[in-house]
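Worksheet for the structure shown next.
The values are calculated or read from the model by the stated rules, or taken from the named source; none is laboratory data. Here the structure is a predicted model, which means the values were calculated and not measured. For neighbour counting, all protein chains shown are included, and Cβ atoms are generated from backbone atoms with ideal geometry for every residue, glycine included. Note: accessible area is taken over every heavy atom of the protein model, side chains too, but ligands, DNA and RNA are not part of it. Shrake-Rupley method; radii C 1.70, N 1.55, O 1.52, S 1.80 Å.
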Amino acid sequence: ISLSDTSEFDLGLGEEIDYIDWISFRVNVENSIPLAAGLQMVFTDNAYVPVDSLLQPYRYLIPAPNVDANGHVVQPYREVYDIKYESARIRRIADAKHVIVRITMPTTEFNGAPVPVKITTADKLRVRMGIHAKVSVKESF
């Protein structure tokens, strides 16, 4: 399964960029779909040309939750990830206008063998993201 969505993106930085030491993208995931999920966020300019991507290199960030022999989720997988951007990467995304979110999901296994999965209306993949920043202010008196 592959899903993709595009959203507008604006860090809202001008001259303030000089005061930012780092930015940390906090990604909070909860997966109750019986599939692992690869997550990538690609930052693009106005013409949708990529300027940077959140995960370098790309990887399956969200493991599949444990399932029983019938493919039903036993317990959702929950995790919080912090992806830190230093000054050079912040500058690359400062003028980004869009973010393309891509999710890929291969099927899961039980005792090493592929299991048909059952996805119900109660199953969900929730991904929330926030930004933390360290700002240095230089004042002269």
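Place a point 7 Å from Cα of S136 in the direction of its Cβ. Which residues in segment 79-99 have their backbone N less than 12 Å from it? Hits in segment 79-99 for S136 at 12 Å: 87.
Based on Cα contacts under 8 Å between residues 6+ apart, segment 1-92 shows a relative contact order of 36 percent.
Each of D5 and T104 was given a label point 7 Å from its Cα along the Cα-to-Cβ line. The distance between the two points is 2.0 nm. Scaling the Cα radius of gyration of the chain by the globular reference 2.2 N^0.38 Å produces a ratio of 1.28. Projected onto planes of every orientation and averaged, the convex hull of the alpha-carbon atoms in segment 1-80 covers 7.2 nm². Quick check for the chain: number of Lys pairs with alpha-carbon distance under 26 Å, counting only pairs 8 or more apart or on different chains? Pairs that pass both the separation and distance tests number 4.
Expressed as a whole percent, the proportion of Cα-Cα pairs in segment 68-141 lying more than 16 Å apart is 72%. Highest GNM mean-square fluctuation, the chain, Cα pairs closer than 10 Å: which of E15, E30, E86? Among E15, E30, E86, the largest GNM mean-square fluctuation belongs to E15.
Modelled spin-label separation between S24 and V49, with each label point placed 7 Å from Cα along the Cα-to-Cβ direction: 3.4 nm. Of the solvent-accessible surface of segment 1-94, computed with a 1.4 Å probe over protein heavy atoms with every protein chain present, carbon and sulfur atoms account for 49 percent. Treating r as the C-beta distance of N70 and V127 and R0 as 25 Å, the FRET efficiency rounds to 0.40. Summed over the residues of the chain and divided among them, the accessible surface reaches 61 Å² per residue at a probe radius of 1.4 Å. Shape class for segment 51-99, computed from the alpha carbon gyration tensor (a ≥ b ≥ c): prolate, with a/c not under 1.5 and a/b above b/c.
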